[in-house]
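Notes for the one structure printed next.
The values are calculated or read from the model by the stated rules, or taken from the named source; none is laboratory data. Treat the numbers as computed from the prediction; the structure is a model and nothing was measured. Please note: Cβ atoms are built from the backbone with ideal geometry, for glycine as well, and neighbour counts cover all protein chains shown. Each accessible area value is taken on the protein alone, full model and side chains, heavy atoms only, with ligands, DNA and RNA left out. Shrake-Rupley method; radii C 1.70, N 1.55, O 1.52, S 1.80 Å.
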Amino acid sequence: MTDPIFGRLDLSSLSVWRAFQDPSLSELIGAGAAMAVILGALATLALLTWIRLWGPLWRDWLTSVDHKRIGIMYCALALIMLARGVIEGVLMRTQQAFGLHGGFLTPDHFSELFSTHGTIMIFFVAMPFIAGVINYVMPLQIGARDMAFPVMNQISLGLTATGAALVMISLVLGEFSTGGWANYPPYTGADFQPGPGPDYWIWSIVLAGIGTTLSGINFAVTIYKERAPGMHFLRMPIFCWTVICTSIIMIFALPPLTVAALMLAADRYLDFHFFTNDLGGNMMNYVNLFWLFGHPEVYLLVIPAYGVFSEVISTYSGKRIYGYMSMVYATMSIAVLSFCVWLHHFFTMGQSANINAAFGIASMAIAVPTGVKIYNWLATIFRGRVRMTVPMIYATGFFYLFVIGGLTGVMLANPVISYQVHNTLFLVAHFHNVIIPGVLFGLLAGYHYWFPKAFGFRLHEGWGRAAALLWIVGFSFTFLPLYWLGLQGMPRRSASFGDPSFQPMLWLALFGGMLILAALGSLMLQLWVSIRNRVQLAVPLGDPWNGRSLEWSIPSPPPAYNFALLPQVLDRDDFAEAKASGRAYAEPAVYEDIEMPDNTAIGMIVCVCSTLMGLALVFWIWWLAVLSLGVMVVSLIGRTFRTDLSHVIPAAQIAAEHRAWLARVRAAPAVDRLAETHDRNRGRAMPERPFAAGAAE
Amino acid sequence: MSGSNLHPGLNLGARHGSAHEGAETVVFGFWIFLMSDLVIFGLVFASYLTVANPLGMAGGPGPADAFDLRSIFVQTMILLTSSLTFGFATLALRHEKGRTVIAGWLGVTLLLGLAFLTLELRDFAHMIEVGAVPQRSGFWSAFWGLVPLHGLHVALGCLWIAVMLAQMALLGLVPVVKTRLLRLGLFWHFLDLIWVAIFSIVYLGGLMP
Amino acid sequence: MSDPDHRSEARLYLAGFGLALTLTLVPFGLVHWGLMQGKALAITIAVLAVAQIVVHLRFFLHIDLSRQKREDLQLILFTVLLLGIMAFGTLWIMGNLATRM
């Protein structure tokens, strides 16, 4: 039936062709997006060729196994996908604002929008952003030279990029699923959506999910095995504790998603009956399996953001984090409890009241450790010398908005209330209310906080403040009205509606959406302005914020080997203690050779092959699927036959670099904390007596 | 031996020097991978059990129509023996009995693995004959999602053994080859462990009088 | 036993093999000759399977309670807890739904 060479790929797969045939506004928007992807890709290629960056890009970035570069690439991927996700969100707000008896998008197009928006925001914005920040920061905080498995780290990035690439390609070829980010069968089964849409979802999720599982293993082993001497578990920064918890979730909660998605694939490709309507299929088990992943997933996202806020709040308050042990226990119990509450996503499926009650109570219980954390952060700020820098503005927004989101979560944990507002905009408001102020604000705070570490210059403070405030205000205008609409009974995922009383709130939400768009623009402008002013903003000495943990004790950007000599850790917040007691910036007596892994192209091979394989599976091009899988497997096995895969950095080179930096640090004037956003900040903080030095605390 | 163990499972021992120390990280990482894989199997088992009832069988053939207990018993014996022979390979590695001995035990394990796969494929062919195919019912979909998943793991294990035989011949017993053999051992024993659950739940459970 | 020799370790493998063999033969025999029925049989099979898994863990995978680096073992045991929650939760929910359809 299908073409042996092109499978089911033909001219009508091109969204531009479809718009040519049927030039309605809805199709034209789709074709415009496709053209944007194509032209964007072409422009990037041309630009890279024009300024001759192919060589450096390949040598320094795409083949790098350095956790810092991989982390930066993850963040770059996340920010690009964030732009698409936000634009889609604003488009949906626009559609609903004009959606009384119609709107300008067809229902199918609208469904594609909310499906890609959800899929992108969770899997290709939040997850890569988190993986990027963890990759960059965690090894530096525990005093490691790299991840435990640097090459596997590169492969994880390759697989994540594959998933993102497939979602982007779906704009140009074929269409994406209309089944939402959860992609419930039987609606996404072959009977109701025979086209390539759900297949795009399946393969982008499965491939990226494998990458995430591997990342989780990598993070966990790195923390367990690669900590610097003296860095006991209970001396680690809170961020590293949150990384442990997130890795646990990555390792154990991604398998249910893989299982559910592959079973759905078996249903669609091989006529299995896991989730079909007929012949003993059980689609309720899909819902069960999906949320076995889905609920831990949201904690996977928010726990590292808690970690970022812990670091940010402690640094900008100039204090140790309050209640370290209770933070550790709270984080761990959230991680474990997150596996016990998945049923609250489907209270209305029909199980008995006893089961609903059990899961409802478990869900409410999560509010307890979360509350502990909020109080700990507030207590950390209390009587601290607080500087309201950009990350602290995000933290403040997080406090008041996240508490609202958390409380509506407790409401939704009650099955009785859940029945009332099920599938309404109330739910949409709730989860955006925890994910944007929780996850996104946390990550943006982390982006601003660690950017100078990664690039050696600070981000522009003014544009950062504008972006932060626009995010906070824009979020509030966009999503708080949705609570109201949900209580009024407006269903989620509606392309249009018939009740005019919904309209004022939808207009308000659209206004908020415009503010969020402005926030995104401010972020881009901030990056542009900061790069242009990088000389004034430079902080090469490495400690612009009077930091407390090990990553601030090395130059910005750090050398490939991170630490000239692995630090000997004596205390919690070791660098702050070291600065206070005068043992910071000491010159080691002996330098040693450092062995580092070589660059490799294997991650790119996996990325290209798996993208081709995914595309081939979506369009039933069997020969290409087999071929690309074969090339991938052969290259992976072939690599294991090589043993000369590392190089040695000689001690003399390390000593020269380190001594030169130490000399610059000693020559530089130290900057008081309150002047840290001034141009004279070069990354040397003024040492001060630690808060806890006396008996005061 | 207390204190010299760096990771769960059989250690190479201190006399192996850098290979022993290097094993600490990679073996621990591999354990975590196995645990993640265990969750996959666990959920496929759970899904199987949710449709192992008349509703899931949708009027199609049941376990008694398609399973052959004798064949399953032989497969069980083969896989169990292969666990033992792999154990002997690991011991030969640990006690430095030389490449030939290790390769010999690995070769026996590989043959047993291939024998297992042959018998399993013969069973599958029989099931297809009697109409116990995944297209028939939710129950058979779950069966075909579970048991061949284990078979696929065994096939990958066989491929891995073949690769290790080649690496032992080409690279010798360098540290990285030693730690790979340790991890392969964990993988192989893990597969036998999954098989215990499969023959108990799927086959014996399905054929219970 | 500071570092047991090859022979004694091989004997341990053989002991494990013998135990596993017994724990396999019994349930196969019970089912083949129909010596037990219903719930009792199901429980017996389950108990024997768990016993055999423990035997494999002890004798082939060398997991025991005393000699490991404890933090590693804890992470591994943690898996069993999570898998238990997920698998039994699934059976509980799906079983309950099946009775209410």
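Some notes on this structure:
- Any hit, region A:590-610, residues being small (Gly, Ala, Ser), assigned to a helix (DSSP H, G or I) and touching a residue at least 40 places away in the same chain (Cβ under 8 Å): yes
- Some residue of region A:299-313 being touching a Cys at 6+ places or on another chain (Cβ under 7 Å), over 21 Å from A:Gln193 (Cβ atoms), of a type outside the set (S, T, N, Q) and more than 14 Å from chain B (Cβ to nearest Cβ): yes
- Residue check for A:Ile122: surrounded by fewer than 19 Cβ atoms within 10 Å (Cβ to Cβ), aliphatic (A, V, I, L, M) and assigned to a helix (DSSP H, G or I): no
- Just one of the numbered conditions (1) surrounded by 15 or more Cβ atoms within 10 Å (Cβ to Cβ); (2) in contact (Cβ under 8 Å) with a residue 60 or more places away in the chain; (3) among the polar types (S, T, N, Q) is not true of A:Gln568: (1).
- Whichever residue in region A:221-237 is assigned to a helix (DSSP H, G or I) and open to solvent by 10 Å² or more (accessible area, probe 1.4 Å) and, among such residues, is farthest from the other protein chains (Cβ to nearest Cβ): A:Arg235
- Checking each residue in region A:628-644 for being open to solvent by 40 Å² or more (accessible area, probe 1.4 Å) and aliphatic (A, V, I, L, M) picks out A:Leu629, A:Val631, A:Val633, A:Val634, A:Leu636, A:Ile637.
- Residue within region A:538-551 that is open to solvent by 70 Å² or more (accessible area, probe 1.4 Å) and either outside any loop (DSSP other than H, G, I, E, B) or within 25 Å of A:Leu79 (Cα to Cα) (or both) present: no
- Being open to solvent by less than 30 Å² (accessible area, probe 1.4 Å) and not in a helix (DSSP H, G or I) is a condition met by at least one residue of region A:423-436.
- Matching residues in region A:318-335 - criterion: being under 15 Å from A:Lys373 (Cβ atoms) and either touching a Lys or Arg at 6+ places or on another chain (Cβ under 6 Å) or free of Cβ contacts under 8 Å to residues at least 12 places away in the same chain (or both): A:Ala330
- Summed over region B:138-154, the residues that are without any contact (Cβ under 8 Å) to a residue 40 or more places away in the chain and either among the small types (Gly, Ala, Ser) or in contact with a helix residue (DSSP H, G or I) (Cβ under 6 Å, 6 or more places away or on another chain) (or both) give a count of 1.
- Residue check for A:Ala362: out of contact with any strand residue (DSSP E or B) (no Cβ under 8 Å at 6 or more places or on another chain), open to solvent by less than 30 Å² (accessible area, probe 1.4 Å) and farther than 27 Å from A:Phe451 by Cβ: yes
- Residue in region A:397-405 that is farther than 25 Å from A:Ala509 by Cα and not in a loop (DSSP other than H, G, I, E, B) present: no
- Number of residues in region A:482-500 that are open to solvent by 10 Å² or more (accessible area, probe 1.4 Å) and assigned to a helix (DSSP H, G or I) equals 5.
- Residues in region A:613-627 that are β-branched (Val, Ile, Thr) and either open to solvent by 40 Å² or more (accessible area, probe 1.4 Å) or part of a helix (DSSP H, G or I) (or both): A:Val618, A:Val626.
Listed here are the residues, each with its yes/no results for (1) open to solvent by 10 Å² or more (accessible area, probe 1.4 Å); (2) of a type in the set (Val, Ile, Thr); (3) free of Cβ contacts under 8 Å to residues at least 40 places away in the same chain.
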{"site": "A:Phe239", "(1), (2), (3)": "no, no, no"}
{"site": "A:Pro256", "(1), (2), (3)": "no, no, yes"}
{"site": "A:Ala260", "(1), (2), (3)": "no, no, yes"}
{"site": "A:Asp267", "(1), (2), (3)": "yes, no, no"}
{"site": "A:Asp271", "(1), (2), (3)": "yes, no, no"}
{"site": "A:Asn288", "(1), (2), (3)": "no, no, no"}
{"site": "A:Tyr299", "(1), (2), (3)": "yes, no, no"}
{"site": "A:Phe309", "(1), (2), (3)": "no, no, no"}
{"site": "A:Tyr316", "(1), (2), (3)": "no, no, no"}
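- Region A:183-212: number of residues that are open to solvent by less than 20 Å² (accessible area, probe 1.4 Å) and within 30 Å of B:Gly29 (Cα to Cα): 10
- Some residue of region B:31-48 being among the acidic types (Asp, Glu) and within 14 Å of chain A (Cβ to nearest Cβ): yes
- Here A:Met388 passes the criteria (1) open to solvent by less than 60 Å² (accessible area, probe 1.4 Å); (2) within 17 Å of A:Ile472 (Cβ to Cβ); (3) aliphatic (A, V, I, L, M) except the one numbered (1).
- Among the residues examined, A:Leu506 qualifies as touching a helix residue (DSSP H, G or I) at 6+ places or on another chain (Cβ under 9 Å) and open to solvent by less than 10 Å² (accessible area, probe 1.4 Å).
- Filter result for the condition that a residue is over 26 Å from A:Arg664 (Cα atoms) and either among the acidic types (Asp, Glu) or in contact with a helix residue (DSSP H, G or I) (Cβ under 8 Å, 6 or more places away or on another chain) (or both), over A:Trp622, A:Trp545, A:Trp552: A:Trp622
- Of the residues making up region C:55-74, just one is part of a helix (DSSP H, G or I), over 13 Å from the mean Cα position of the chain (by Cα) and either surrounded by 19 or more Cβ atoms within 10 Å (Cβ to Cβ) or at pLDDT 85 or above (or both), namely C:Asp72.
For (1) open to solvent by less than 10 Å² (accessible area, probe 1.4 Å); (2) among the aliphatic types (A, V, I, L, M); (3) away from chain A (no Cβ under 14 Å), each residue gets a yes or a no:
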{"site": "B:Trp140", "(1), (2), (3)": "yes, no, no"}
{"site": "B:Gly145", "(1), (2), (3)": "no, no, no"}
{"site": "B:Leu159", "(1), (2), (3)": "no, yes, no"}
{"site": "B:Ala162", "(1), (2), (3)": "no, yes, no"}
{"site": "B:Ala166", "(1), (2), (3)": "no, yes, no"}
{"site": "B:Val174", "(1), (2), (3)": "no, yes, no"}
{"site": "B:Gly185", "(1), (2), (3)": "yes, no, yes"}
{"site": "B:His189", "(1), (2), (3)": "yes, no, yes"}
{"site": "B:Ala197", "(1), (2), (3)": "no, yes, yes"}
